[in-house]
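Notes for the one structure printed next.
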Amino acid sequence: MDTEMLVGCSSVHLSLLDCLSKVAASDAEVLIIGPTGVGKELYAQYIHEKSPRNTGPLVPINCGTLTSDLLSNELFGHTRGAFTGATANRDGLISAAETGTLFLDEVDSIDPASQAKLLRFLQDKKYRRIGETCLHKANVRLIAATNTDLEAAVRDGSFRSDLYFRLRVFPVRIPPLCERPDDTEMLTMHFVRCVAEEYKLEPIRFTKEAIDRLLNYSWPGNIRELLNCIRYLTLLHSNHPIRPDELPLLYWNGEEPDQEERASNVFDMRRPLQEAKRELIAEFERKYLDNALLSANGNISQAARNSGKPRRAFFELLRRHNIDPQQYRA
């Protein structure tokens, strides 16, 4: 999926794109702030494509998946013999992004030691590969993104204030989908066409009641949840318009289905109580795991922490429900 997915007709969405088009013309650092699932990398790509650097590469890196040593190695590269297993020189992602844009996602996850290294690089755009003494000059633009409150992280000491202010030359807030209700239907129809083409299947259709449910749902997983919803429904390959009870939505965020729909979708009173109970629990677990992985961008450790379960127990639940966390990674 590319920036064609940045679909919308709301004034909020159009103002945001106009703002990003203006900042794209410069080399100023941009800090993209927004909840998980709003497409922060797509907006970074939009800035890159609108900038004079669009002939160069856009190189993304997810800081949340890397330890301190791995992050330094990924960013700066290393020389042969710099550490055990370094059998050849290797350029880092800063070098790979030369003349283009480096996108640091989940920048809030960077540990203090790496924060100091990143700040030093941003000050003069010079760096050393691990095991090397000479400096390299980089010609890159940096865009960072976070789904947390970095100001609070600065206040509690987990994020350097000097790095924060260096990154937020131009801060941009991406609103959640619930603040863009005018865009939901347009995004839905766009995803229906794109996913059908991707899977080489017929586009799905919706009843009016199903469309109303989609438009009134709060989308806690934002645009990623909407896209995954359309993927799920398209793969079902229904030969009839989608009904509200067929939508794979989460109801534990304050939006309850009516009693008739709940009975038809979850309970079947003709079956034994224990069988119906097991099915209800399994359905809840699947939806909970789905949303936990969406919120953590496929990071099992983070999802387990957020859910309050040990990582091993959380992983066992994923295995039991045959859920692949790789599919949730951007």
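Return yes or no: is L135 modelled with pLDDT of 95 or more and in the same structural domain as H13 (by TED's automatic domain parsing)?
no
Could you please let me know if E49 is among the acidic types (D, E), out of contact with any strand residue (DSSP E or B) (no Cβ under 6 Å at 6 or more places or on another chain) and more than 23 Å from K117 (Cα to Cα)?
So E49 passes the test.
Anything in region 146-174 that is over 22 Å from the mean Cα position of the chain (by Cα) and outside any loop (DSSP other than H, G, I, E, B)? List them, or say none.
V154, R155, S161, D162, L163, F165, R166, listed by residue number.
List the pairs whose first member sits in region 122-142 and is in a loop (DSSP other than H, G, I, E, B), whose second member is of a type in the set (S, T, N, Q), and whose Cβ atoms are under 7 Å apart, counting only residues at least 6 apart or on separate chains?
Going by the 7 Å Cβ cut-off, the qualifying pairs are R129/T79; G131/T79; E132/T79; N139/T99; V140/T101.
From the list T55, T101, T65, T84, exactly one residue is under 29 Å from F191 (Cα atoms) and modelled with pLDDT under 90. Which is it? Reasoning before the result, please.
Working: T55 fails: modelled with pLDDT under 90; T101 fails: modelled with pLDDT under 90; T84 fails: under 29 Å from F191 (Cα atoms).
Unique residue meeting the criteria: T65.
In region 24-70, how many residues are of a type outside the set (G, A, S), out of contact with any helix residue (DSSP H, G or I) (no Cβ under 7 Å at 6 or more places or on another chain) and touching a residue at least 60 places away in the same chain (Cβ under 8 Å)?
Residues in region 24-70 being of a type outside the set (G, A, S), out of contact with any helix residue (DSSP H, G or I) (no Cβ under 7 Å at 6 or more places or on another chain) and touching a residue at least 60 places away in the same chain (Cβ under 8 Å): 8 in total.
Kindly indicate which of E74, E49, E4 is in a helix (DSSP H, G or I), among the charged types (D, E, K, R), within 28 Å of I230 (Cβ to Cβ) and modelled with pLDDT under 95.
Of E74, E49, E4, the one residue that is in a helix (DSSP H, G or I), among the charged types (D, E, K, R), within 28 Å of I230 (Cβ to Cβ) and modelled with pLDDT under 95 is E4.
Quick test for you: out of I174, I130, pick the one residue that is touching a His at 6+ places or on another chain (Cβ under 9 Å) and of a type outside the set (F, W, Y).
I130
Does region 43-73 hold any residues that are buried (at least 20 other Cβ atoms within 10 Å of the Cβ) and over 20 Å from the mean Cα position of the chain (by Cα), and which are they?
If the condition is that a residue be buried (at least 20 other Cβ atoms within 10 Å of the Cβ) and over 20 Å from the mean Cα position of the chain (by Cα), then S51, R53, S72, N73 are the ones that fit.
The values are calculated or read from the model by the stated rules, or taken from the named source; none is laboratory data. Bear in mind that the values here come from a model prediction, so they are computed numbers and not experimental data. Cβ sites come from the backbone with ideal geometry, for glycine too, and all protein chains shown count toward neighbours.
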